1. Would you mind classifying region 1-58 by shape? Square roots of the alpha carbon gyration tensor eigenvalues, ordered a ≥ b ≥ c; an a/c under 1.5 is rounded, otherwise it is prolate if a/b is larger than b/c and oblate if not.
2. At 222 nm, what helix-only mean residue ellipticity would the chain give, in deg cm²/dmol to the nearest 500, using -39500 (n - 2.57) for each DSSP H run of four or more?
3. Calculate, for residue 43 and residue 99, the FRET efficiency according to 1/(1 + (r/R0)^6) with r their C-beta to C-beta distance and R0 25 Å; round to the nearest 0.05.
4. Report the FRET efficiency, 1/(1 + (r/R0)^6), for residue 65 and residue 25, where r is their Cβ-Cβ distance and R0 is 41 Å, rounded to 0.05.
5. For the chain, modelled as a GNM with alpha-carbon contacts under 10 angstrom, which of 36, 86, 47 fluctuates the most?
6. Jot down the per residue volume, in cubic angstrom and as a whole number, of the convex hull over the alpha-carbon atoms of region 59-108.
7. First check a/c for the chain, with a ≥ b ≥ c the square roots of the eigenvalues of its C-alpha gyration tensor; if it is under 1.5, answer rounded, and if not, answer prolate when a/b is larger than b/c or oblate otherwise.
8. Using 7 Å Cα-to-Cβ label points, what is the residue 16/residue 73 separation (nm, one decimal)?
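Each reported figure results from applying straightforward, stated rules to the coordinates on display, with no laboratory input. No experiment lies behind these values; they were computed from the predicted model shown. Methodologically, a virtual Cβ is constructed for each residue, glycine included, from the backbone with ideal geometry; neighbour enumeration extends over all protein chains shown.
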């Protein structure tokens, strides 16, 4: 509702439609960038931090620390599933080393 109202009540009402879109995107880009930074900070900083402290409260530090080695595994899996990427022998060798490290950390 705000965008059409701005287009009708400001000097944009006499501009061509493509110029209206250009100025709307130009004005919205900084606002959306700030909103994205706020949401990203809120999610990563607060939500993941609280989850980490909850995990530390309920499990050993060594077990929680081993979770830091999971992103490469999920990265390769999601790259294959979503982007159709193929992992070569070097990637599978590296993933085997990561899994070995996780197993060694969590051994009792």
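1. Values: a/c = 6.81, a/b = 4.56, b/c = 1.49.
Prolate.
2. Calculated mean residue ellipticity at 222 nm is -23500 deg cm²/dmol.
3. According to the calculation, E is roughly 0.35.
4. After rounding to 0.05, the efficiency reads 0.40.
5. The residue with the greatest mean-square fluctuation here is 86.
6. Per-residue hull volume (Cα only) is 64 Å³.
7. Values: a/c = 6.36, a/b = 2.18, b/c = 2.91.
Oblate, because a/c is 1.5 or more while a/b does not exceed b/c.
8. According to this spin-label approximation, the distance is 5.6 nm.
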